[in-house]
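Below is one structure, written out as structure tokens; the observations come after it.
The values are calculated or read from the model by the stated rules, or taken from the named source; none is laboratory data. Please read all numbers here as calculations on a predicted model, not as lab measurements. Ideal geometry is used to build each Cβ from the backbone, glycine not excepted, and the neighbour counts take in all protein chains shown.
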Amino acid sequence: MTGRITSKFNNRSTALDVVRGLDLRGSHAIVTGGASGLGLETSRALAATGIDLTLAVRNREQGDAAARRLRDETGNPKVRVAALDLADLASVQRFADAWYDAPLHILVNNAAIMACPLTRTAQGWEAQFATNHLGHFALTTALMPALLKGAPSRVVTLSSSGHKISGVEFDDIHFEHREYDKWKAYGQAKSANALMSLGLHLRHGDDGITANAVHPGGIMTGLQKFLPIEEMRALGWLKPDDTPLDLFKTPAQGAATSVWAATAAELQGHGGLYLEDCAQSVPAEPTQRAFGYSPHIMDRDGALRLWQMSEAMLAQAR
């Protein structure tokens with residue numbers, strides 16, 4: 001790929017490696033799901049820069065405990081917690097309305113659910129698409145005034161190699177007419193995450209907002225809570241002793257690309273990309289499931305169609 005953006009970091013670098021020596025005091029950041037798993041490691045690295053950091057969490061008690069730990073570990077007193085349930089649009093709006101009158105420089109759309117049984121929100125939306133995409137879409141658009149005020153600002157949205165399982169099925173996003181498949185639903189939501197980043201870049205890149213999607217790599221976190229160990233064995237994720245394969249990253253390594261996307265000088269103004277291993281990714285061969293990206297997440301028409309459809313869904317829900 002001509003002009004591919006890379007870095008000195010690699011697939012084993014940690015989030016703290018990425019921010020070493022970086023001072024972001026005076027800037028403001030939000031990390032959704034920032035109190036556990038990848039989100040906690042992303043929060044830890046950002047807090048180490050001195051940034052004003054908000055952990056946007058569904059579990060307030062867990063969030064408060066994480067914030068206390070991060071303040072103690074990093075010496076940064078400006079780590080706060082706010083309630084956010086991405087599956088509840090009223091909660092998203094309350095969070096955005098309560099954002100204090102300050103510019104927003106970094107928004108990391110990190111929280112997610114994966115491969116859960118068929119569940120629907122109050123609007124009848126399939127839960128993985130509603131939580132992973134629509135919740136983050138509602139949050140990002142509601143915080144747009146703060147992002148514009150903070151420009152140059154960054155929006156980092158976590159996608160996954162799971163996007164290769166399914167593109168967005170625009171004719172039946174919520175599995176109303178087709179049989180529910182938990183992995184297709186996850187793949188569709190992760191494709192939507194990448195397309196949202198592309199759509200945001202197309203609409204607001206010239207306004208100083210750098211929006212990119214991130215594949216963190218394979219990591220064992222609470223994201224696997226709906227998967228029994230028998231299924232993970234069948235998927236080939238585990239060694240004979242039931243420990244993860246060596247290709248899996250630690251949460252600290254998995255968070256590195258998110259933090260690089262949020263802070264790297266070389267990415268300023270370069271949006272609509274899919275990033276992995278602290279570098280711009282490359283197109284994947286059709287049989288390559290772990291690395292690279294499928295062409296449907298770089299479809300500009302698809303990104304704009306998803307944006308318009310998401311706006312329409314939110315408008316109908318209000």
Review point. Which residue pairs have Cβ atoms under 7 Å apart, sit 6 or more places apart or on different chains, and have a first residue in the stretch 171-183 that is under 16 Å from N132 (Cβ atoms) and a second that is of a type in the set (F, W, Y)?
Key: I173/F129; H174/W125; H174/F129
Revision key, fill the gap. Taking first residues from the stretch 38-59 that are under 16 Å from T157 (Cβ atoms) and second residues anywhere that are aromatic (F, W, Y) and surrounded by fewer than 24 Cβ atoms within 10 Å (Cβ to Cβ), the pairs with Cβ under 7 Å that are 6 or more apart or on different chains are A56/F95
Check your understanding: So which residues in the stretch 293-305 are touching a Gly at 6+ places or on another chain (Cβ under 8 Å) and over 15 Å from A213 (Cα atoms), if there are any at all?
Key -> G302, L304
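Go through the stretch 138-160 and count every residue that is part of a helix (DSSP H, G or I) and under 26 Å from D277 (Cβ atoms). Reasoning before the result, please.
Here is the first cut: in the stretch 138-160, the residues part of a helix (DSSP H, G or I) are 138-142, 144-149.
Next, only the ones that are under 26 Å from D277 (Cβ atoms) stay: 140.
The total comes to 1.
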Check your understanding: Residues L46, L38, L70: which one is closer than 22 Å to P251 by Cβ, over 20 Å from the mean Cα position of the chain (by Cα), aliphatic (A, V, I, L, M) and in a helix (DSSP H, G or I)?
Key -> L70
**Study point:** Residue, farthest from W307 (Cα to Cα), within the stretch 161-170, restricted to residues that are in contact (Cβ under 8 Å) with a residue 24 or more places away in the chain and not in a helix (DSSP H, G or I)
**Key:** S166
Check your understanding: Can L104 be described as buried (at least 19 other Cβ atoms within 10 Å of the Cβ), modelled with pLDDT of 95 or more, touching a helix residue (DSSP H, G or I) at 6+ places or on another chain (Cβ under 7 Å) and closer than 16 Å to G33 by Cα?
Key -> no
Check your understanding: Are any residues in the stretch 38-89 touching a Phe, Trp or Tyr at 6+ places or on another chain (Cβ under 8 Å) and surrounded by fewer than 18 Cβ atoms within 10 Å (Cβ to Cβ), and if so, which ones?
Key -> A82, A83
Practice item. Output the residues belonging to the stretch 37-57 that are more than 12 Å from V259 (Cα to Cα) and either at pLDDT 95 or above or of a type in the set (F, W, Y) (or both). Key: G50, I51, D52, L53, T54, L55, A56, V57
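Looking for whichever is part of a helix (DSSP H, G or I), at pLDDT 90 or above, of a type outside the set (F, W, Y) and within 13 Å of the chain's Cα centre (by Cα) here; the options are A192, A252. Which one fits?
Of A192, A252, the one residue that is part of a helix (DSSP H, G or I), at pLDDT 90 or above, of a type outside the set (F, W, Y) and within 13 Å of the chain's Cα centre (by Cα) is A192.
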**Study point:** Residues located in the stretch 129-167, provided they are closer than 18 Å to I219 by Cβ and either out of contact with any helix residue (DSSP H, G or I) (no Cβ under 8 Å at 6 or more places or on another chain) or not aliphatic (A, V, I, L, M) (or both)
**Key:** N132, T157, S159, S160, S161, G162, H163, K164
Exercise for review: Within the stretch 269-283, identify whether any single residue is of a type outside the set (A, V, I, L, M), more than 18 Å from the chain's Cα centre (by Cα) and assigned to a helix (DSSP H, G or I), and answer yes or no.
Suggested key: no
Check your understanding: Within the stretch 233-247, is even one residue touching a strand residue (DSSP E or B) at 6+ places or on another chain (Cβ under 8 Å), surrounded by 18 or more Cβ atoms within 10 Å (Cβ to Cβ) and farther than 29 Å from A151 by Cα?
Key -> yes
